[in-house]
1. Looking at Ile502, is it surrounded by fewer than 17 Cβ atoms within 10 Å (Cβ to Cβ) and farther than 25 Å from Ala316 by Cα?
2. Check the range 425-441 and report whether any residue there is crowded, with 22+ Cβ neighbours inside 10 Å and within 25 Å of Ser268 (Cβ to Cβ).
3. In the range 337-346, is there at least one residue being out of contact with any helix residue (DSSP H, G or I) (no Cβ under 6 Å at 6 or more places or on another chain), under 26 Å from Met468 (Cα atoms), exposed (fewer than 14 other Cβ atoms within 10 Å of the Cβ) and of a type outside the set (S, T, N, Q)?
4. Being part of a strand (DSSP E or B) and modelled with pLDDT of 95 or more, is that true of even one residue in the range 239-261?
5. Could you check the range 456-483 and list, in sequence order, the residues that are more than 13 Å from Phe330 (Cα to Cα) and within 26 Å of the chain's Cα centre (by Cα)?
6. Considering each residue of the range 502-542, count those that are hydrophobic (A, V, I, L, M, F, W, C) and over 17 Å from Asn390 (Cα atoms), and give that number.
7. Scan the range 280-293 and tell me whether some residue there is touching a strand residue (DSSP E or B) at 6+ places or on another chain (Cβ under 7 Å) and touching a residue at least 40 places away in the same chain (Cβ under 8 Å).
8. Pairs only if they're at least six apart or on different chains, beta carbon under 8 angstrom, first in the range 227-239 and on the phi > 0 side of the Ramachandran plot, second assigned to a loop (DSSP other than H, G, I, E, B); list them, first residue then second.
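The values are calculated or read from the model by the stated rules, or taken from the named source; none is laboratory data. Everything numeric in this text was worked out from a predicted model, so none of it was measured. Cβ placement follows ideal geometry from the backbone for every residue including glycine, while neighbour counts extend to all protein chains displayed.
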Amino acid sequence: MKREVFCFLLLLLTATMFFSGCGGCNKKRTPVSSEEITLTPPADLTEKMPTKQPELSENAMVTGRVEPTVAPEVTKTPGVTSKPETEVTKGGEIPTVTVTPGPEVVEITRIPAPTVTQHPKEKITPTEKPKTTSVPEATKMPVNTENPLPTATPAPQYLSWERLAALVTEALELHVEGKSDLELLSLAGLLNKERMKQRKLPEKLDAYLILYQLALKNGEAPDSLLEETVKQEKRLTDLSGYSREETEAVYFLYTKGIAEGSSDGLYSGTRSMNGRDRITEEEFLGYINRLIGRKERRSLTKDGQLIRTVNLPEFAEYYSYILEDYPNAFYEWEFQFMKSVGDYVPVYVAPKELVDSEKRLRGFSYGEILKSFGKDYTEFVKDYLFHTFNVDYRRTPGDRDWYGYMYENNAGTVSFAGMNGPEYLKFRINQYLSDIQDNHTVLECDFVATDPSTVYTSGGEWYVRCYMHYRIVSADSTELVDFYRGQVEFSETFVGDYQNVIPGEWRDGYLDVIIRPEPDVGKVTVREVYLSDYAYFTRVKKRK
């Protein structure tokens, strides 16, 4: 009986819970009225600015601005009227925008594809059959093996004309009742309606023109000297077909550090401004940040190259600047004064201290000697390396131009021949030409890079840091004949140490070239070319 009662109560309890649950499931939800949802815009443009960029890995290549950018505080100015002719004033660094109708129409011409200068190369077939490998074209820039591309990237969000206009008016606190943002930009002379009709979405060049006009209205003057240097050095490479105003805008924004474009490749020293590309909101906000907040702007060298300030390499403190286009591998291997044995450290001057050093040599200060090198001494070093690493045992021994160049531009030595340096130098060159014939040496080099910021001294010698893309096409041996005598490249004293050589394989070479300054005649010669595979295999490759 008790068992039957217990079963009945259990059944009753279960039924009660079931019907109670169903009632809860069928309970109606009260809909939320759209009037209850309020969208509150940020107080100023700063809240829309990206405050943090993605962090870069140690070896990431930096091709654009990656530092956090925050716009300065903008103070709203009351009392703006809706008259056609209106002067609008805001706080910060852009004080006045005068609204005037009738902007001029600017004609646009499409940019043709850039041409690539080819380095003429003669195909070389060694007498012996070395192991063949697939190699890149001689004119290609070195592959960035240090920084592989990401596997996937989200689709960019391009700006519309309306959104671009809204960002500008928000940044300037430029608001007039009854006028749209596009109308205000047009009345203020910042937007050409004909340009807007030509394309559905704005291009970077449209943004450049707006930013350029804003800067001029703010009273900023062009840096004429730097602009001229950038033009002479051909730092910007994609300006063909631009109108005069477009060209002025591009040079202005680049030299002011507002728009940096994109690198043309590792070690290139040149950039493309990509004026015909669509522009994203993030990019345009970055430009406005730098226009308003001058502390956010990019820095350039005296010769118009972009300076990198993030993801810096080891030993960065020894350099006056780190170039945007040069990877960390170029900088982060030891200077010669760091390779001393024991407690001995030679007298040295680091690159960034050289110009201001009070040390003197033969009556000249180090700064005076450096200036005496002349404007193009780094081009001379590159040219010397091209001669050194483009030799063929079948042609070079009889090439009087090659012989004359190496003789005229080598410092000569008195270390082993008393005061008979020139005669000893001739002996060494002839000895080398005989050695490469016996060794069947064929070298090719298609690219050399260096920069004045890398010059330093150690133990009384002057060094220039260089990168070289080269290959040993043919060589019976890469071993030294004796301590100062090699069979690969010509160097008056020490010669290269080669590791893991595969004939025909392109290699990344890092070397410190010893130069000999002659301040009395304003000339630089080369004393030693010592290519160090240690720098690549021990310092660079192990870090990948």
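1. yes
2. Among the residues of the range 425-441, not one is crowded, with 22+ Cβ neighbours inside 10 Å and within 25 Å of Ser268 (Cβ to Cβ), which makes the answer no.
3. yes
4. Taking every residue of the range 239-261 in turn, none turns out to be part of a strand (DSSP E or B) and modelled with pLDDT of 95 or more.
5. Within the range 456-483, Tyr456, Tyr463, Tyr470, Arg471 qualify.
6. Number of matching residues: 8.
7. Yes; the residues of the range 280-293 include at least one that is touching a strand residue (DSSP E or B) at 6+ places or on another chain (Cβ under 7 Å) and touching a residue at least 40 places away in the same chain (Cβ under 8 Å).
8. Pairs that qualify, where the first residue is on the phi > 0 side of the Ramachandran plot and the partner is assigned to a loop (DSSP other than H, G, I, E, B), are Lys234/Thr270.
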